[in-house]
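Read the structure below first, then the notes.
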Amino acid sequence: MRKQFEQDVLRWVTPGQVADPSVLTLRLTLRLLRKHLPLRAMAWYRLACWCKTRRIPFLYMALLRWVFFRFGLEIWGDIEGGLYIAHPVGTVIAAQRIGRNCSVVAAVTIGMRNEHAFPVIGENVFIGAGARVLGDIRVGDNARIGANAVVIHDVAYGATVVGVPARPINGSAEADKRAMCRNDQALLVGIQR
């Protein structure tokens, strides 16, 4: 758990990047903990995970409840180090697994859909504000999920998905414009795609 928390801290040295592990000191860690509320939430979560591995279930559950009541973050699952949650209030993370160095912006929901099955998120995934990642799906490494997207199908490696339901965009400005135009037309007509 300590190594995972150190990876979490490295994401806060320079937000948006993963800092070199050689810059990490106790003094820097304490300064970042004092300055960044989301990092404090992750510290409590990592402590809860440590309690779970040591078979202290009461303390594990108590700490998860503390994280929820104090920081507004509901979180559980097999989560690798380097998770960056910019704004934890209103964020729900209930994943089967989340890889290293993932970024979650704000008010994101990751969880089950119609059955008791949860998403598997790859490494270096970015999830935009208000996005929903639901059900027994796989999100590939280096994928990007746009703000307010509702992801209910698998996302390929390196893909960018947007919309409701989320669909991949191919990256060209013209294709992006066409995708946004289709989504706007669907909203105006009231057609759910």
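Six or more apart or on different chains, Cβ under 9 Å: which pairs go from a residue in segment 103-119 that's under 17 Å from HIS153 (Cα atoms) to one that's among the basic types (Lys, Arg) and open to solvent by less than 90 Å² (accessible area, probe 1.4 Å)? Could you list them?
Note: pairs meeting the criteria are VAL108/ARG132; THR109/ARG132; ILE110/ARG132; GLY111/ARG132; PHE118/ARG97; PRO119/ARG97.
May I ask you to list the residues in segment 20-63 that are surrounded by fewer than 16 Cβ atoms within 10 Å (Cβ to Cβ) and aromatic (Phe, Trp, Tyr)?
PHE58
Quick test of your reading of the structure: PHE68 fulfils all but one of (1) touching a helix residue (DSSP H, G or I) at 6+ places or on another chain (Cβ under 9 Å); (2) among the aromatic types (Phe, Trp, Tyr); (3) within 20 Å of GLY130 (Cα to Cα). Name the failing condition by number.
Of everything listed in (1) touching a helix residue (DSSP H, G or I) at 6+ places or on another chain (Cβ under 9 Å); (2) among the aromatic types (Phe, Trp, Tyr); (3) within 20 Å of GLY130 (Cα to Cα), PHE68 misses just condition (1).
So which residues in segment 100-123 are open to solvent by 40 Å² or more (accessible area, probe 1.4 Å) and more than 11 Å from the chain's Cα centre (by Cα)?
Within segment 100-123, MET112, ARG113, ASN114, GLU115, HIS116 qualify.
Part of a helix (DSSP H, G or I) and in contact with a Leu (Cβ under 7 Å, 6 or more places away or on another chain): which single residue out of TRP76, TRP66, TRP44 fits that description?
TRP44
Among the numbered criteria (1) open to solvent by 60 Å² or more (accessible area, probe 1.4 Å); (2) within 16 Å of the chain's Cα centre (by Cα), which single criterion is violated by TRP66?
(2)
The values are calculated or read from the model by the stated rules, or taken from the named source; none is laboratory data. The structure displayed is predicted, hence computed values, not measured ones. No Cβ is skipped: glycine too gets one built from the backbone with ideal geometry, and neighbour counts run over all protein chains shown. Keep in mind that these areas ignore ligands, DNA and RNA; they rest on the heavy atoms of the full protein, side chains included. Shrake-Rupley method; radii C 1.70, N 1.55, O 1.52, S 1.80 Å.
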